[in-house]
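Inspection log for the structure reproduced underneath, given as structure tokens.
No lab work stands behind these numbers, since they all come straight from the coordinates. Nothing here was measured: the structure is a model prediction, and the numbers come from that model. Positions of Cβ are backbone-derived with ideal geometry, glycine not excepted, and every protein chain shown enters the neighbour counts.
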Amino acid sequence: MYQQNKIGSTNKDWVIIGLYALIAMIGLICIFSVEYRSNDEVIKSILGFKKNYSKQFYYFLTCIVIATFILLTDSKFFTATPNLLYLIGILLMLATFVVGKTVNGSKSWIPLGFMNLQPVETCKIFASLALAKYLSQPDLDFSKTKSQLIASCICFFPVIFSLLQNETGLALVYFSLLLPMYREGFPAVYLIIGAFLGTLLVATLLLTSVQLIVSITLIAVFIIYFLNRKIKRNKKILFTIISVWIISLLFSVIAVPFIFKHVFQKYQADRIFSMVGRDNPYSNDNPATMNLDTPLKNHAKSDNENYNVKQSKIAIGSGGFFGKGFLKGTQTQGDFVPEQHTDFIFTSLAESFGFVGCIVLMGLYLGLLLRIVFIAERQRSTFSRVYAYSVAAIIFFHIAVNICMTIGLAPVIGITLPLMSYGGSSLLTFTVLIFILVRLDADRQMVLR
């Protein structure tokens, strides 16, 4: 009979624990380099809980305690409580509308005195567990539309509250849960449709509405021309092409303006358009607001809107190949990069340790992701496998978007760098995500549901 693992069991994946500790320590060093000044008393500052690096140090110690507690918990606890935890997460998100604290225009924080809890951040844990619980049901037929809709609702229900709290960036994170759903049999056609709509969205940034309508129509005409013989044999092909053409036009003319006016915040929409050198045609204070055919411009938006990214690029570029050295970064020590301890923490590493330091960090992240996928594929339990892929998808999304933000390849939407960025909620969330996985993997010989 299978024996429950002890805390000292060799079944614990110490590789992933080691990678977690290394990345978290690098994060502490980077946050320290951002705030440290030559006249600071280091020991006194760390113990004082006043500096951000001091707070992050205590958050890290707290996370170690929580991680130990998770490793000591019976793995069956995580299969028995996902629905309850998911409900608690939703209730916490609702609570922010009553007792929430507004930070940077987003009322998504619950003040706890020593830290601010962000339910939309921590709810990623509960959504991952709830999805794993649902997909691990022995009698579930995931090929049925009903099952796919229920799984999608579990993933995307928190998105509604995220958008209401002006947390568009964190709302997008939940779409990463499509990966574990795809691994369990979610039809690829839905992902193709999503990729098509995403491509169409990008096209709306580059082209005026008239150019886009003409382009879509010409593409449809060419397809009909080249498939003429097949269309004569099967009229359904023509119906499908016309349907896609109509949907594409409606998406471009109706859905896209709605998204930029009512889903994205104005500054987010401005930054998205500024990336392609175009004024935001949907901005109320734009003189071209009523004219959706605003031409593509060769100049960027104002310095205020692009200041963060510009300073971020300067900091990364100034690091060169080997970096300027620890505590020697001029951009970092000069406070030129706003929010450098949170969303732009990557710039601190790049300036201090250069291209080599960035490659080392990327190697650690890659090792972490590959290890999680390896762990996922060795599970006997569907529950553990789905949860593992959820963790990998969430971490990958955060890494990709955050680094693209810092180098100007993505709009600044408030996505933290896992285990690196300052913040108790973020560090706690990724710690719990990873160590629940470690605990489930320790019982990988069991079939958990």
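Which whole-Hz couplings ³J(HN,Hα) result when phi for each residue of the stretch 116-123 is put into the Karplus expression 6.51 cos²θ - 1.76 cosθ + 1.60, θ = phi - 60°, listed in order with x for Gly and Pro?
With the stated coefficients, the stretch 116-123 comes to 10, 8, 10, x, 5, 6, 6, 5 Hz.
Ordered by residue, what ³J(HN,Hα) values in Hz, to whole numbers, does the stretch 48-65 give under the Karplus form 6.51 cos²θ - 1.76 cosθ + 1.60, where θ = phi - 60° and Gly and Pro are x?
Couplings: x, 6, 10, 7, 5, 5, 5, 5, 5, 4, 5, 4, 5, 4, 4, 5, 5, 5 Hz.
Would you mind checking the stretch 136-151 for residues with the amide N under 19 Å from a putative spin-label position 7 Å along Cα→C-beta of residue 76?
Counting backbone N atoms under 19 Å from the label point, the list is 136-138.
Taking every pair of distinct Cα atoms and averaging 1/r, then inverting, what Kirkwood hydrodynamic radius in Å comes out for the stretch 133-215?
That comes to 14.9 Å for the stretch 133-215.
Give the residue list of trypsin sites (Lys or Arg not before Pro) in the stretch 180-263 that are DSSP loop and have at most 12 other beta-carbon atoms within 10 angstrom.
Nothing satisfies the criteria.
How big is the chain by Rg and Dmax over its Cα atoms, in Å?
Both quantities, over Cα of the chain: 23.9, 81 Å.
Any idea what the relative contact order of the chain is, in percent, if you count C-alpha pairs under 8 Å spaced at least 6 apart?
25
Cα gyration tensor of the stretch 140-283, axes a ≥ b ≥ c as square roots of the eigenvalues: rounded (a/c below 1.5), prolate (a/b > b/c) or oblate?
oblate
With 17 Å as the cut-off, how large is the P(r) tail for the stretch 33-174, expressed as percent of Cα-Cα pairs?
70
Could you work out how much longer the chain between residue 41 and residue 356 gets when fully extended? Use 0.36 nm per residue separation minus the Cα distance between them, nm to one decimal.
Result: 110.4 nm gained on full extension.
At what distance in angstrom do the alpha carbon centres of the stretch 43-61 and the stretch 380-409 lie from each other?
28
Across the stretch 68-81, in residue order, what do the Karplus-derived ³J(HN,Hα) couplings come to in whole Hz, using 6.51 cos²θ - 1.76 cosθ + 1.60 with θ = phi - 60° and x for Gly and Pro?
Going residue by residue, I get 4, 4, 5, 5, 8, 7, 4, 4, 5, 4, 6, 8, 8, 10 Hz, with x marking Gly and Pro.
Over all distinct alpha-carbon pairs, what is the Kirkwood Rh of the stretch 98-147 in angstrom?
Here the Kirkwood hydrodynamic radius works out to 13.5 Å.
Assuming 0.36 nm per residue, please report the length gained on full extension of the stretch residue 14 to residue 407 beyond their Cα-Cα distance.
Fully extending the segment from residue 14 to residue 407 adds 138.2 nm.
Rounded to a whole number of µm²/s, how large is the Stokes-Einstein D of the stretch 173-241 at 10 °C and 1.306 mPa s, given Rh as the Kirkwood radius over C-alpha pairs?
109
Going through the cross-link list 51/266; 50/101; 76/133; 12/76; 51/328; 55/76, which pairs have a Cα-Cα distance over 23 Å in this structure?
51/266; 55/76, as the Cα separations exceed 23 Å there.
If you stretched the chain out fully between residue 153 and residue 202, how much longer would it get, using 0.36 nm times the residue separation minus the C-alpha to C-alpha distance?
15.0 nm
Could you give the nm distance between label points at residue 247 and residue 310, where each point is 7 Å from its Cα heading toward the beta carbon?
With each label point 7 Å from Cα toward Cβ, the separation is 4.2 nm.
May I ask you to derive the FRET efficiency for residue 445 and residue 370 from their Cβ-Cβ distance with R0 = 22 Å, giving the value to the nearest 0.05?
For R0 = 22 Å, the calculated efficiency reads 0.50.
For the stretch 16-58, what number results from the quotient of the Cα radius of gyration and 2.2 N^0.38 Å?
Working it through for the stretch 16-58, the quotient is 1.23.
Amide H neighbours of residue 117 under 5 Å, at least 5 residues apart or on other chains, H built in the peptide plane: list them.
Result for residue 117 returns 110, 112.
Run the quick spin-label model on residue 98 and residue 58: label points 7 Å from Cα toward the beta carbon, then report their separation in nm to one decimal.
In this crude label model, residue 98 to residue 58 measures out at 2.8 nm.
Report Rg (one decimal) and Dmax (nearest whole number) for the stretch 307-404, counting Cα atoms only, units Å.
Reported Rg and Dmax, both Å: 16.6, 52.
What order, most packed first, do the peptides 132-144, 397-409 have when packing is the mean number of other Cβ atoms within 10 Å of each residue?
The peptides rank, most packed first, as 397-409, 132-144.
Going Cα to Cα from residue 261, which lysines come in below 23 Å? Please leave out same-chain ones fewer than 8 positions away.
107, 297, 301
Would you calculate, for the chain, the mean residue ellipticity at 222 nm contributed by helices, counting each DSSP H stretch of 4 or more residues as -39,500 (n - 2.57) and dividing by all residues, to the nearest 500?
For the chain, the value works out to -21000 deg cm²/dmol.
For the stretch 371-449, what is the convex hull volume of its Cα atoms per residue in Å³?
95
Where does the charge balance sit around residue 347 when Lys and Arg score +1, Asp and Glu -1, over other residues with C-beta under 15 Å from its C-beta?
Residues near residue 347 contribute -1 overall.
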